[in-house]
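Asks: Handing you this structure, nothing more for now.
The values are calculated or read from the model by the stated rules, or taken from the named source; none is laboratory data. Everything numeric here is computed off the predicted structure, so don't read it as measured data. Glycine also receives a Cβ, built like all others from the backbone with ideal geometry; neighbour counts cover every protein chain displayed. The protein model used for the area step is the full one, side chains on, heavy atoms only, and it has no ligands, DNA or RNA in it. Shrake-Rupley method; radii C 1.70, N 1.55, O 1.52, S 1.80 Å.
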Amino acid sequence: MANELDGFHFEQNHGKARVRVARVWRADGGGGHSMVEWSVNITLFSDCINAYVRDDNSDIVATDTMKNTVYVKAKECSQQLSAEEFAILLAKHFTAFYPQVTSAIVKIVEKPWERINLNGQPHEHGFKLGNEKHTTEAVVKKSGGLKLTSGIAGLSVLKTTQSGFEGFVRDQYTALPETRERMLATEVTAIWRYSYDSISKVPQKPLYFNERYLDVKNVVLSTFFGPPKGGVYSASVQSTLFQIEKAVLIRFPDISSVQLKMPNIHFLPVNISTKDNTIVKFNDDVFLPTDEPHGSIEATLSRFWARM
Ligand SMILES: O=c1[nH]c(=O)c2[nH]c(=O)[nH]c2[nH]1
C-alpha cells in the first residue's frame, strides 16, 4: 500500500512468515488418513498508516491473529484440499473480513510427505519425506481479483548421457572442449501462472491443483529424460529448458506462463597424471561431482496475452 507522506512516497505491508501447520484428515469408516504439512507466509496490504506515523495501532491486524487464522481455517477445512485452495481461502478471508485490507498475498510451501508403500500396498497412515516441494502463491484483491501461481522447488535430475554442448563462442579465454557426450544434472525450480484472474473462476474440482502439480512435474520429467529406452538428446540446458516450457504451455490450456530455473550442475571429467604417467584417464566413467560454481540458466515462456 502506497501513500504520500510529508512530501515523501511511502509503501508498507505487514504479515506473518513461516507459519507451520500440519492437517490430518481421518476418513470415516476406515480407509486411509491423509495429511499435509504447510509453511504459510501471509502479507497484508492495508490502510494502517497511523501505526507508522501516529503510534495509533487501531487499524492493525496483529500478525499473531494472522497466525491463529491459519489454524482456525485449517481446522474448518473438513475435506482435504490443495495448498492453492487453502492459500486462496486464507487470502479471501483477510480481504473480505477486514475493511482496511485491500489485498493479501499468501504463499505456501508444502513439505513432500508421501504415503509409504509396503510390499506394494499403500499404508493407511504411514508417510515418508520425499524431495521436491510443491509451492504456491495467491494474490487476492478485495474485488476478488486473483493472481495464482504454483511451482516445484528442488527437483534434482541427472542423466548420464544424451547431452552435449557444441558451437559456443570460442575466444582467448575459452578452455571448455566441445562435446556430444556429457553428464547433465540440474535442480529444477518451476513456477507457472494459472489464467484464472478471479476467485470465482477457480475450478471447484477437489484437489484439481494437486493433479495439475503432478501432471506438470510429469511433463518436466518426461521432456528432460525422453523415452525410457534411448532418451532424448539435449543440445544445451537452454534447449531442454525451452522444450519443457513449450510442452507445459501446449499441454495445459489454463497455464498462461511458466518460468524455469535450471542451474547447470557440473560433473567434471577426472583425469589424473604426473609428468611421466597417466594415473586416471577419463573415459566417460569417473567424474568429480560439484555444486559450485554452477551455470545459472533461467527463462520464462508466456502466452502472448499473458505475463508472469
Ligand atoms: O548447456 C550448457 N549451457 C551453457 O550455457 C553452458 N556453458 C558452459 O560452460 N557449459 C554449458 N552448458
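Asks: Give the residues of region 262-308 that are of a type in the set (A, V, I, L, M, F, W, C) and free of Cβ contacts under 8 Å to residues at least 12 places away in the same chain, sorted by residue number.
Replies: ILE272, ILE279, VAL280, PHE304
Asks: Identify, please: which residue in region 172-184 is near the ligand (Cβ under 10 Å from one of its atoms) and not charged (D, E, K, R) and is, among those, least open to solvent (accessible area, probe 1.4 Å)?
Replies: Only one residue tops the list, namely LEU184.
Condition check ((1) touching a residue at least 40 places away in the same chain (Cβ under 8 Å); (2) assigned to a loop (DSSP other than H, G, I, E, B); (3) out of contact with any strand residue (DSSP E or B) (no Cβ under 7 Å at 6 or more places or on another chain)) across all residues:
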| site | (1), (2), (3) |
| --- | --- |
| LEU148 | yes, no, no |
| THR161 | yes, yes, yes |
| GLY167 | no, yes, yes |
| ARG170 | no, yes, yes |
| THR174 | no, yes, yes |
| GLU181 | yes, yes, yes |
| GLU187 | yes, no, no |
| ILE191 | yes, no, no |
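Asks: Going through GLU292, GLU245, GLU298 one at a time, which residue ends up being open to solvent by 50 Å² or more (accessible area, probe 1.4 Å), under 16 Å from the mean Cα position of the chain (by Cα), within 23 Å of ILE152 (Cα to Cα) and at pLDDT 95 or above?
Replies: Residue meeting the stated conditions: GLU298.
Asks: In region 215-223, is there at least one residue being within 16 Å of the ligand (Cβ to nearest atom), open to solvent by 80 Å² or more (accessible area, probe 1.4 Å) and touching a residue at least 12 places away in the same chain (Cβ under 8 Å)?
Replies: Within region 215-223, none of the residues are within 16 Å of the ligand (Cβ to nearest atom), open to solvent by 80 Å² or more (accessible area, probe 1.4 Å) and touching a residue at least 12 places away in the same chain (Cβ under 8 Å).
Asks: Could you list, in sequence order, the residues of region 111-134 that are open to solvent by 30 Å² or more (accessible area, probe 1.4 Å) and farther than 22 Å from GLY31 by Cβ?
Replies: Those that are open to solvent by 30 Å² or more (accessible area, probe 1.4 Å) and farther than 22 Å from GLY31 by Cβ: LYS111, LEU129, ASN131, GLU132, LYS133.
Asks: Still on this structure, I have one more. Say whether the condition of being in contact with a strand residue (DSSP E or B) (Cβ under 7 Å, 6 or more places away or on another chain), outside any loop (DSSP other than H, G, I, E, B) and open to solvent by 30 Å² or more (accessible area, probe 1.4 Å) is met by at least one residue in region 228-239.
Replies: no
Asks: Any residue at all in region 157-171 that is open to solvent by 80 Å² or more (accessible area, probe 1.4 Å) and away from the ligand (no atom under 16 Å from the Cβ)?
Replies: no
Asks: Could you tell me whether region 281-304 includes any residue that is aromatic (Phe, Trp, Tyr) and away from the ligand (no atom under 16 Å from the Cβ)?
Replies: For region 281-304, residues aromatic (Phe, Trp, Tyr) and away from the ligand (no atom under 16 Å from the Cβ): present.
Asks: Please find, within region 231-280, the residue that is farthest from the ligand (Cβ to nearest atom) out of those that are within 28 Å of PHE209 (Cα to Cα) and of a type in the set (Asp, Glu).
Replies: Only one residue tops the list, namely ASP254.
Asks: Name every residue in region 194-211 that is open to solvent by less than 50 Å² (accessible area, probe 1.4 Å) and within 20 Å of LEU301 (Cα to Cα), in order of residue number.
Replies: If the condition is that a residue be open to solvent by less than 50 Å² (accessible area, probe 1.4 Å) and within 20 Å of LEU301 (Cα to Cα), then TYR194, SER195, TYR196 are the ones that fit.
Asks: Could you tell me which numbered condition LEU89 fails, if it satisfies all but one of (1) closer than 19 Å to GLU211 by Cα; (2) in a helix (DSSP H, G or I); (3) touching a residue at least 40 places away in the same chain (Cβ under 8 Å)?
Replies: Evaluating LEU89 over (1) closer than 19 Å to GLU211 by Cα; (2) in a helix (DSSP H, G or I); (3) touching a residue at least 40 places away in the same chain (Cβ under 8 Å) leaves (3) as the failure.
Asks: Which members of region 138-148 meet the condition of being surrounded by fewer than 21 Cβ atoms within 10 Å (Cβ to Cβ) and at negative phi?
Replies: VAL139, LYS141, LYS142, SER143, GLY145, LEU146, LYS147, listed by residue number.
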